[in-house]
C-alpha cells in the first residue's frame, strides 16, 4: 500500500520525533517499504544575512546534517528496513513536498508539536505539507 514512505525528522529536537519515527518504522515493516528519511537545513534567507557567516558555512552545515542523519537513523531505525538518507536545504515544508514529488512518495510521516498562536497565523510546516501534498500525510503529535 505504501511502498515509499517519507519520514521527516528535525534533528534539532530528537525527542519530539520519537513517536513519528515509531509510526514510520511500523508502517515500513508492515508494507515492506523503503523509508526515505529527510532532514532540512534552513538556508540563510536574505543574502545580507549570509554575509555574516563564513563562505563555507552552509556547506559545513549540510555535511554536519548528513552525518547526524546517518547517526540518527543508525540509532532509531532497526536493521532490515531499507533507508534512504536525504538532507534538504531551504524551507522545510518546501523541501519535504519537493522530495515527495520527486521520489513518488506514497505516505509522508512527520511529527508536530501542539500549535501555539503563531502557528495559527503563519502555519507550521506540517500544516503546509498537509495542505499541499499529493499523497497521504500522517501527522503524529508528540
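Along the Cα→Cβ direction, 7 angstrom out, place labels at residue 89 and residue 135. What is the inter-label distance in nm? Computed distance between label sites residue 89 and residue 135 equals 2.4 nm.
Simple spin-label estimate for residue 142 and residue 82 gives 3.2 nm between the two label positions (7 Å along the Cα-to-Cβ direction from each Cα).
Among 110, 1, the ranking by other beta carbons within 10 Å of each residue's beta carbon, starting with the fewest, stands as 1, 110.
List the relative contact order of the chain as a percent without decimals, with contacts defined as Cα pairs under 8 Å and 6+ residues apart.
On the way: 227 pairs, mean separation 48.7, N = 142.
Here the relative contact order equals 34 percent.
Estimated from the Cβ-Cβ distance and a Förster radius of 22 angstrom, the FRET efficiency linking residue 101 and residue 43 is about 0.65. Principal axis extents of the C-alpha atoms in the chain (largest first, rounded to whole Å): 48, 34, 29. Fewest neighbouring Cβ atoms within 10 Å first, the residues 142, 56 line up as 56, 142.
Computed from the Cβ-Cβ distance with R0 of 22 Å, the FRET efficiency linking residue 30 to residue 71 stands at 0.30.
A short reminder: the numbers here are calculations on the coordinates, not readings from a lab. If you're wondering where the values come from, they're calculated on a predicted model, not measured in any experiment. So basically every Cβ, Gly included, is an ideal-geometry build from the backbone, and we count neighbours across all protein chains shown.
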